[in-house]
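Novice: Could you have a look at this structure, given as structure tokens, before my questions?
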Protein chains: 2
Amino acid sequence: MTEKMTITFVTKNKEKKSDIKKMLGDKFDIQFTSDLDLTEIQSLSVAEVVAFKVKQAYEKVGTPIAVSDSGLEIESLKNFPGALVKFVNETIGQEGITKLLKNVENRNAHFIAAIGYCDHEKNPIIFVERDKGTISMEPRGDGWHFDRIFIPKGEKRTWAEIGRERKNIDSAFRRALEKMSHWLVEKGT
Amino acid sequence: MTEKMTITFVTKNKEKKSDIKKMLGDKFDIQFTSDLDLTEIQSLSVAEVVAFKVKQAYEKVGTPIAVSDSGLEIESLKNFPGALVKFVNETIGQEGITKLLKNVENRNAHFIAAIGYCDHEKNPIIFVERDKGTISMEPRGDGWHFDRIFIPKGEKRTWAEIGRERKNIDSAFRRALEKMSHWLVEKGT
């Protein structure tokens, strides 16, 4: 029996932790940490933000590590707010987003989930997945910020109205995790 | 005659270069550089972004160095966009800002200029100055992005309409430079 490789995930999100354990727990020894105090760079691109963070995380920890982040790209706003979702939440909020889209026909948006992985090779690998959708006319439902305005493709309700459970069925985060899992297994670390 | 201390400014802006030479050229040997490829962190605070940048710049250059940055804080938008002006310009633009302020009574805003200085003490000192003003109903005039929507206190025209010359008379950037100059002279480096 070979020993499992340890991968540390930087997250304090309970649902993500549970997804990660389910998806990777058989093949890897999963650890969690949340206090690395990572710098987020100014970029619309979630992949870029994650790449910078995971490289930094590896420098601090020195063992295989993964970091995730998410964002929202709205087509008619030239991909605003992208990775800058936190600042939008703290300032103009979801109401600001729907106000910006008032009288705008194209309401297409993508929810972006990215996971970055880095090990001794110091070459961050980024796994990005997207969920297609549209932005609602007004924020609706109770939920985590963008869940209140994001209507996934084929639905009429926002993620907040659908509820977390349904969201997880086809979440971009889980697909990105799956990609990473396949990649790691193939790499045979 | 003592030799003047050399300070390198990270800027490629011609008007800033001329301001810097005029203000500090007598007392210091001023050099310019523009290719340091500095990382901008995700923060609404211009002072925080500048502090991070100038520390990084000193690590790359190893001699006294200064970096400047600017931002716009809109009161009723909880200081959005702050230091994230570049991304607003590239995405929702000035039209986005005026749309967000539609039917909003409080149009107060501050233009923020910050200069960060760092030397062998590795303790970045940040000089921040603000110009009070309001946001116009629509972008007006030809000019650098936020100049088209920022009306300085006591004026009815936007900075773009007033023109650059007038703007420089009391610009926050020049006042921040002055602060830095006094501080450096007092410090007696």
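Values quoted throughout were computed directly from the atomic coordinates according to the rules given, and no laboratory measurement underlies them. Values in this document were obtained by computation on a predicted structure and should not be read as measured data. Glycine gets a Cβ as well: all are built from the backbone with ideal geometry, and neighbour counts include every protein chain shown.
Novice: Provide the descending list of Cα extents for the stretch A:109-189 along its principal axes, expressed in whole angstroms.
Specialist: Answer, in whole Å and largest first: 46, 20, 19 Å.
Novice: What is the calculated FRET efficiency for B:LEU36 to B:ASN103, with r their C-beta to C-beta distance and R₀ = 41 Å, to the nearest 0.05?
Specialist: Between B:LEU36 and B:ASN103 the formula returns 0.40.
Novice: Which value, in Å to one decimal place, does the Kirkwood hydrodynamic radius take for chain A when every pair of different Cα atoms is included?
Specialist: Result for chain A, one decimal place: 17.3 Å.
Novice: Taking R0 as 35 Å, what FRET efficiency do you get between B:GLU186 and B:LYS14 from their Cβ-Cβ distance, rounded to the nearest 0.05?
Specialist: 0.75
Novice: Hey, for B:LYS86 with labels 7 Å out along Cα-Cβ, what do the inter-copy distances come to in nm, ordered shortest first?
Specialist: 1.8
Novice: Next question. Can you give the helix-only mean residue ellipticity at 222 nm for the protein assembly as shown, where every DSSP H stretch with n ≥ 4 adds -39500 (n - 2.57) and the sum goes over all residues, rounded to the nearest 500 deg cm²/dmol?
Specialist: Per the formula, -10000 deg cm²/dmol.
Novice: Let me ask something additional. In nm, give the distance between the simple-model label positions of A:GLU178 and A:LYS86, each being 7 Å from the Cα along the Cα-to-Cβ direction.
Specialist: That separation, rounded to one decimal, is 2.9 nm.
Novice: Along the charge dipole of chain B, Cβ charges K/R +1 and D/E -1, which of B:ALA109, B:SER68, B:VAL10 sits furthest on the positive end?
Specialist: Going by the Cα projections, it comes out as B:ALA109.
Novice: Let me ask something else. How big is the dipole moment of the protein assembly as shown about its Cα centre under a simple scheme where the beta carbon of each Lys and Arg is +1, that of each Asp and Glu is -1, and everything else is neutral? Debye, nearest 20, please.
Specialist: Using only the charged Cβ atoms, the result is roughly 560 debye.
Novice: Which value, in debye to the nearest 20, gives the size of the charge dipole of the stretch A:5-187 about its Cα centre, when Lys and Arg are +1 and Asp and Glu are -1 at the Cβ?
Specialist: 340 debye
Novice: Also: Test of understanding: extend the Cα→C-beta vector of A:LYS27 to 7 Å, then name every residue of the stretch A:53-72 with backbone N under 17 Å from that spot.
Specialist: Hits in the stretch A:53-72 for A:LYS27 at 17 Å: A:64-67.
Novice: Still on this structure, I have one more. Between B:MET5 and B:GLU59, what is 0.36 nm times their sequence separation minus the Cα-Cα distance? Round to one decimal in nm.
Specialist: Using 0.36 nm per residue and subtracting the Cα-Cα distance, I get 17.6 nm.
Novice: Only bridges whose two residues both fall in the protein assembly as shown count here: according to DSSP, what percent of them are antiparallel, nearest 5?
Specialist: Numbers: 51 of 69 bridges.
The antiparallel fraction comes to roughly 75 percent.
Novice: Would you be so kind as to identify which of B:MET23, A:ALA51, A:SER136 lies farthest towards the positive end of the dipole of the protein assembly as shown, taking Lys and Arg as +1 and Asp and Glu as -1 on Cβ and the Cα centre as origin?
Specialist: A:SER136
Novice: Counting pairwise Cα distances across the protein assembly as shown, what percent come out greater than 31 angstrom? Could you put the intermediate results ahead of the total?
Specialist: Numbers: 33172 of 71253 pairs.
For the protein assembly as shown, the share of Cα pairs beyond 31 Å comes to 47 percent.
Novice: From the label point of B:SER34, set 7 Å along Cα to the beta carbon, how far off in nm is each other copy's matching point, shortest first?
Specialist: Computed spacing set for this position: 4.5 nm.
Novice: R0 = 30 Å: FRET efficiency of B:SER76 with A:SER76, Cβ-based, nearest 0.05?
Specialist: Working: r = 24 Å, r/R0 = 0.79.
The computed FRET efficiency comes out at 0.80.
Novice: Viscosity 0.692 mPa s, temperature 37 °C: give me the Stokes-Einstein translational D for the stretch A:76-141 in µm²/s, with Rh taken as the Kirkwood radius over C-alpha pairs.
Specialist: 237 µm²/s
Novice: Which of the residue pairs B:LYS22/B:LYS78; A:LYS53/B:LYS179; B:LYS12/B:LYS179; A:LYS14/B:LYS78 have a Cα-Cα distance greater than 25 Å in the structure shown?
Specialist: Distance filter (> 25 Å) returns B:LYS22/B:LYS78; A:LYS53/B:LYS179; A:LYS14/B:LYS78.
Novice: In straight Cα distance, which aspartates and glutamates are under 15 Å from B:LYS21, not counting same-chain residues fewer than 8 positions off?
Specialist: Filter leaves B:ASP29, B:GLU178.
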